[in-house]
Amino acid sequence: QVQLVESGGGLVQPGGSLRLSCVASGISFSFNTMAWYRQAPGKQRELVAHILSGGSTNYADSVKGRFIISRDNAKNTVYLQMNSLRPEDSAVYYCYANRCADIYWGQGTQVTVSS
């Protein structure tokens, strides 16, 4: 059974940094797309960034220049380096991965940006 497990969330002051990690287990293949989504209270889940198997990336406008997504295919891991964090970045961050029509989600990790 495929499982995605996120880690690295927490409480950080505005302007600070966090690095999220998501490790996949139970797989014997590489995912096509890996991504990070987030959902703040009362809001819809939104795409933060995604990265294709070849390394191409895409970011939401709100995080461009501040967040960096990367992946290690050998370790089945995707990372999200978050810099210059703002209070509006506070949300539950979810790891996403897909291979063909199969989609997988992590359980989420809370990120809170507050002084």
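The values are calculated or read from the model by the stated rules, or taken from the named source; none is laboratory data. Because the structure is a prediction, the values reported are computed rather than measured. When we count neighbours, we look across all protein chains shown, and the Cβ atoms used for this are built from the backbone with ideal geometry, even at glycine. Surface areas here come from the heavy atoms of the whole protein model, side chains and all, with no ligands, DNA or RNA. Shrake-Rupley method; radii C 1.70, N 1.55, O 1.52, S 1.80 Å.
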Does Ile69 meet the test of being in contact with a strand residue (DSSP E or B) (Cβ under 8 Å, 6 or more places away or on another chain), open to solvent by 90 Å² or more (accessible area, probe 1.4 Å) and either β-branched (Val, Ile, Thr) or closer than 13 Å to Gly8 by Cβ (or both)? no
Considering each residue of region 17-44, count those that are assigned to a loop (DSSP other than H, G, I, E, B) and surrounded by 15 or more Cβ atoms within 10 Å (Cβ to Cβ), and give that number. 2
Which condition number in (1) within 25 Å of Gln1 (Cα to Cα); (2) modelled with pLDDT of 95 or more; (3) open to solvent by 80 Å² or more (accessible area, probe 1.4 Å); (4) small (Gly, Ala, Ser) is the one that Gly106 fails? (3)
Could you give every pair whose Cβ atoms fall below 6 Å, whose first residue belongs to region 78-106 and is under 11 Å from Gly16 (Cα atoms) and in a strand (DSSP E or B), and whose second residue is among the hydrophobic types (A, V, I, L, M, F, W, C) and open to solvent by less than 80 Å² (accessible area, probe 1.4 Å), counting only separations of at least 6 or pairs across chains? Met82/Leu18; Met82/Phe67
Exactly one condition in (1) at negative phi; (2) polar (S, T, N, Q); (3) surrounded by 14 or more Cβ atoms within 10 Å (Cβ to Cβ) is not met by Ser56; state its number. (3)
Name the pairs whose Cβ atoms lie under 9 Å apart, with the first residue in region 54-66 and of a type in the set (Lys, Arg), the second in a loop (DSSP other than H, G, I, E, B), and 6 or more positions between them or separate chains? Arg66/Asn83; Arg66/Ser84; Arg66/Leu85; Arg66/Arg86
